[in-house]
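For reference, the structure is listed below as structure tokens.
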Amino acid sequence: DTPEDVAWAFEKALNKTWKSNAKFIVFVADAPNHGIKYGGGSRTINGRRDLEELIIELANNGVSLFCMKIKEITTQMLSIFENVYVNVSI
């Protein structure tokens, strides 16, 4: 059922009202986000925010992002996530 709409999920997380100062997302990846860049093929979804911008916004809002892959097809996407998140968190 690849690819997944990861950007939608992160948008929803950003719009949540967090009840605690401790904010965590545990992201379990079985398929990449839409788009060649993430390993999810050529189809993109119109109207979605840029996934990397969403990760930056999550980090800037104090959300800790923990990612786990359960399929190798997500390696490319998770590597991008790590690079973006680490650079913001420094």
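The values are calculated or read from the model by the stated rules, or taken from the named source; none is laboratory data. The model shown is predicted, which means the values in this text are computed figures rather than measured ones. Neighbour counts are summed over all protein chains in view; Cβ atoms, including those assigned to glycine, are modelled from backbone coordinates with ideal geometry. Surface areas here come from the heavy atoms of the whole protein model, side chains and all, with no ligands, DNA or RNA. Shrake-Rupley method; radii C 1.70, N 1.55, O 1.52, S 1.80 Å.
Give me the percent of the accessible area of the chain that comes from carbon and sulfur atoms, probe 1.4 Å, all protein chains in place.
The computed percentage sits at 51.
Taking only the alpha-carbon atoms of the chain, what semi-axes of the equivalent ellipsoid follow from 5 times the gyration tensor eigenvalues under a square root, in whole Å, largest first?
Working through the eigenvalues yields semi-axes of 21, 14, 12 Å.
What order do you get for 49-58, 22-31 when each peptide is scored by the mean count of other beta carbon atoms within 10 Å, highest first?
In descending order of packing, they fall as 49-58, 22-31.
Mind counting lysine pairs for me in the chain? Cα separation below 26 Å, and the two need to be 8 or more apart along the chain or on different chains.
Within the chain, the lysine pair count is 9.
As I understand it, the dipole of the chain uses +1 on the Cβ of Lys and Arg and -1 on the Cβ of Asp and Glu, about the Cα centre. Which of ASN87, MET77, ASN60 lies farthest toward its positive end?
My answer, from the dipole projection, is ASN60.
If amide H atoms are built 1.01 Å from N in the plane of the peptide, which residues on other chains or at least 5 residues away come under 5 Å of the amide H of CYS67?
Placed amide hydrogens put PHE27 under 5 Å from CYS67.
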